[in-house]
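Visitor: Okay, handing you the structure first.
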Ligand code: N01
């Protein structure tokens, strides 16, 4: 049997690419990235809807080990972010590591051989001494379970699987959902469609998003003096840390965030009725803040209507709301988010002693520091349980995870050992985490994708980004049990 891979990375988006770069920089050979798509890029390859952009400043929404002096704006659009990702793949020589079209069907720990066995649809299995699960929390789209959805005779499009062949010109469009994706799509659709009806179930808190073009002189400074890029990144980092005080916990500063949101609404919407429809009834931060300066103006265009009556059903010709009106639509855009129920376990993962991760996580996902799970040795998660930032860049959290897992993997490979996080440490960590989560805004009563139907929060980290990064600064090997790596052929039967 051929030698196992040193590391198998599952997922070729931001996290998988970052992990591969750092592993290569540690001179770890024999790495492979398994990607179900045909291109790298993950969420930024998939989310190409009109208006798709990042609402975190690009300097913070990028890796510190791959700075980009050329960001065109404060906030980048999805095409520019995808270019950045593709450039990393080429600059760091990652193309040969990619195995595209590899949809993982299962990951199983083989105790006898001390390796993970990874199976695929339509490809032979591979073995690896360590696995990085980098499949992303927002990889699987969610269509709402609205009655009659299958009976609709028009065109259906999900925001994260945009149909670029569909021509919206002069069409009657319905948009369901007004979360981060919906508020970016609507301003673009009103420019081309005959009419746009926006179906809002819950109005969200929106803050202004002012996007400046980066001047060439600034780019030149960044290029000539790379330290200035770190300074700019740090400035954004600490700026966002201060925002945490207003949105992670219910505090007097939450009122300040809400006052900014109300002022933004008052400035942009003059009609009192419309303003009332758009005023949230939950604490700012409980759902993700919306960063937009063009959603409210788009709603007030002559060809746009906000529909706040709940949807009763979808009919063959459009959408019927509860007061009995049937709104005809040529196309329905579902900006209804993602199925996060399988986050971390998009495929069956079985660990030591026949443990099945999906079963263990059926009452809520739990991991040690979001990254390792007891009974699943030499396996690390990016964007695992409770690693979501409510106020900062996902990339900051991802970079901390990557540096931690790369250290742990290189330690294990160099010593021929298997690291398995201790169950007691994992339990203590999660008891403390859930206690802290009770005091956060996310648990203050609204419903969001951050919480399970039972109200369990397996998504967010209850603290500052600096605390999250700090807890992953170095690996404490006392947190792990260590056993010897014994390839099958060395074991005497
Ligand atoms: O999805 P969402 P999203 N009937 O789940 C509504 C990231 N992101 O794709 O609030 C009617 O937030 C639902 O209503 P309600 C970011 O992490 C980042 O917009 O549940 N409506 C809501 O309005 C974000 O958090 C960027 O009452 C229904 C919407 O659909 C995550 O992606 C940009 C419904 C879903 O909102 C998800 O955002 C875009 C129903 N049956 C996205 N079911 C950046 O800029 C659902 N809805 C980085």
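Visitor: Over all Cα pairs of the range 11-140, how is the pair count split among 10 Å bins, expressed in % and running from 0 up to the last occupied bin?
Guide: 12, 40, 32, 13, 3, 0
Visitor: Using Cα pairs closer than 8 Å and at least 6 residues apart in sequence, work out the relative contact order for the range 325-481, in percent.
Guide: Computed value for the range 325-481: 26 percent relative contact order.
Visitor: Can I ask one more? Over the range 419-493, what is the relative contact order in whole percent, taking alpha-carbon pairs under 8 Å and six or more residues apart? If you can, show how the numbers build up before the last one.
Guide: Working: 35 pairs, mean separation 32.7, N = 75.
So the answer I get is 44 percent.
Visitor: For the chain, find the longest principal axis of its Cα atoms and tell me its angle to the long axis of helix 78-91, 0 to 90°, nearest 10.
Guide: For 78-91 against the chain, the angle is about 20 degrees.
Visitor: If you wrap the range 188-331's Cα atoms in a convex hull and average its projection over all directions, what's the area in nm²?
Guide: 11.9
Visitor: I would also like to ask the following. Sort the following peptides by mean Cβ neighbour count (other Cβ atoms within 10 Å, averaged over residues), highest first: 231-240, 460-469.
Guide: Final packing ranking: 460-469, 231-240.
Visitor: I'd like the antiparallel share, as a percent to the nearest 5, of DSSP beta bridges with both residues in the range 22-126.
Guide: On the way: 8 of 10 bridges.
Close to 80 percent.
Visitor: Something else: Can you tell me the equivalent ellipsoid semi-axes for the range 359-448? Use √(5λ) from the Cα gyration tensor, largest first, whole Å.
Guide: Numbers: eigenvalues 137, 55, 20 Å².
Values for the range 359-448, descending: 26, 17, 10 Å.
Visitor: For the chain, what is the mean residue ellipticity at 222 nm derived from helices alone (per DSSP H run of n ≥ 4: -39500 (n - 2.57); sum divided by total residues; nearest 500 deg cm²/dmol)? Please list the in-between numbers first.
Guide: Numbers: 13 runs with 146 residues, N = 493.
After summing the helix terms and dividing by the residues of the chain, the value is -9000 deg cm²/dmol.
Visitor: Next question, about the same structure. Test of understanding: express the Cα radius of gyration of the range 136-200 as a ratio to 2.2 N^0.38 Å, with N the residue count.
Guide: 1.15
Visitor: Could you check the simple spin-label distance between residue 145 and residue 274, using points 7 Å along Cα→Cβ, in nm with one decimal?
Guide: Here the answer is 3.6 nm between the modelled labels.
Visitor: Moving on. Within the chain, what percent of beta bridges assigned by DSSP are antiparallel, to the nearest 5?
Guide: 45
Visitor: Order these peptides, 320-333, 389-402, by their mean beta-carbon neighbour count within 10 angstrom, highest first.
Guide: Sorting 320-333, 389-402 by mean packing, highest first, produces 389-402, 320-333.
Visitor: Evaluated at 20 °C with a viscosity of 1.002 mPa s, what Stokes-Einstein diffusion coefficient in µm²/s does the chain have when Rh comes from the Kirkwood expression over alpha-carbon pairs? Before the final figure, lay out the partial values.
Guide: Values: Rh = 24.0 Å.
Diffusion coefficient, whole number: 89 µm²/s.
Visitor: If you don't mind, there's one more thing I want to ask. So how far, in whole Å, is the C-alpha centre of the range 360-402 from the one of the range 107-163?
Guide: 18
Visitor: When ranked by the protection proxy of mean other Cβ atoms within 10 Å per residue, highest first, what sequence do the peptides 263-272, 22-31 form?
Guide: 22-31, 263-272
Visitor: Here is a follow-up. Note down the relative contact order for the chain as a percent, whole number, built from C-alpha pairs under 8 angstrom at least six residues apart.
Guide: 20
Visitor: Quick check: Cα centre of the range 231-261 to Cα centre of the range 68-85, how many Å?
Guide: What the calculation gives is 24 Å, centre to centre.
Each reported figure results from applying straightforward, stated rules to the coordinates on display, with no laboratory input. As the structure is a computational prediction, the values presented were derived from the model and not from experiment. Positions of Cβ are backbone-derived with ideal geometry, glycine not excepted, and every protein chain shown enters the neighbour counts.
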